[in-house]
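To start, I am sharing the structure in question, which I have written as structure tokens.
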Amino acid sequence: MKKCISFLLIIFLLSGCNTETPIENEQVPSKKRNITETISENEQFILTVRTEKEEYQVGEPLEITATLAYKGETDTITVAHSGTPILFETTNLTKNYQFGWAMNTPLYIEDFKKSEPYKTVYSFSGGSYHEGMPGESYSEEEYREVAKGNLSPGQYEIKAITKLSVGENPTQNKVELEANIIFTVVE
């Protein structure tokens with residue numbers, strides 16, 4: 001009986017000597033699967049975004065394109081949109097930095113033709129962090145580096161966004177499509 005009590009006492013003392021302090025609410029970003037192409041469509045338009053690679057080196061130029069094609073019943077359609085029919089939103093998934101997009105011109109009205117898809121190359125169009133934005137706050141230095149195309153190591157999501165209206169009235173017949181890619185930047 002003495003051996004049993006001594007054994008239990010030793011176990012009790014050893015278990016009480018744990019010096020590790022549990023870390024609560026530590027957020028370790030989960031890595032998502034890289035996606036090199038996504039297509040989003042409705043009855044009138046097809047939005048495609050693609051990257052040539054799943055992995056880029058730090059400082060390597062990104063090869064990302066987005067295409068918006070009209071597929072409706074008529075040969076042409078009039079649309080109203082902001083400065084560009086395709087906007088890009090950049091998110092650093094590793095650090096949870098979300099760089100939204102900035103509208104450079106309030107309204108354009110133009111015709112889209114079935115035979116001529118609109119194609120654009122990715123360019124950063126985000127703005128500085130301000131209170132209330134989604135994601136974690138980031139420094140002005142981080143913003144300037146991303147704006148110059150200098151992405152730090154981590155996983156990124158680029159979302160191509162189309163927000164337009166069919167016809168010349170920007171408040172009616174709204175079309176919104178989103179397509180995203182995910183890639184990794186390594187040293």
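Roughly how big is the stretch 63-187's charge dipole about its Cα centre, with Cβ charges of +1 (Lys, Arg) and -1 (Asp, Glu), in debye to the nearest 20?
Charge dipole of the stretch 63-187: 260 debye, to the nearest 20.
What list of ³J(HN,Hα) couplings, whole Hz, do you get for the stretch 140-146 from phi and the Karplus terms 6.51, -1.76, 1.60, once you set θ to phi - 60° and write x for glycine and proline?
Per-residue couplings from phi come out as 4, 4, 4, 4, 4, 5, 5 Hz.
Can you run phi through the Karplus equation (6.51, -1.76, 1.60; θ = phi - 60°) for the stretch 74-80 and list ³J(HN,Hα) in whole Hz, with x for Gly and Pro?
Coupling constants for the stretch 74-80: 8, 6, 9, 9, 8, 10, 10 Hz.
In this model, which of 119/163; 119/159; 95/148; 31/119; 32/174 are farther than 26 Å apart at the alpha-carbon?
Too far apart for the 26 Å limit: 31/119; 32/174.
Would you grab the residues whose amide H sits under 5 Å from the one on residue 138? Only those 5+ places off in sequence or on another chain, please, with H modelled 1.01 Å from N.
129
With the contact rule set at Cα under 8 Å and sequence spacing of 6 or more, what percent relative contact order holds for the stretch 71-187? Before the final figure, lay out the partial values.
Numbers: 226 pairs, mean separation 37.6, N = 117.
Once divided by the residue count of the stretch 71-187, the mean separation gives 32 percent.
Taking H placed 1.01 Å from N in the peptide plane, check which residues at least 5 places from residue 93 or on another chain put their amide H under 5 Å from its amide H.
Those lying under 5 Å, H to H, from residue 93 are 155, 156, 157.
Read the figures in this text as sums done on the coordinates, not as results from a lab. Fair warning: this is a prediction, and the values are worked out from it, not measured in the lab. Cβ atoms come from the backbone with ideal geometry, glycine included; neighbour counts cover every protein chain shown.
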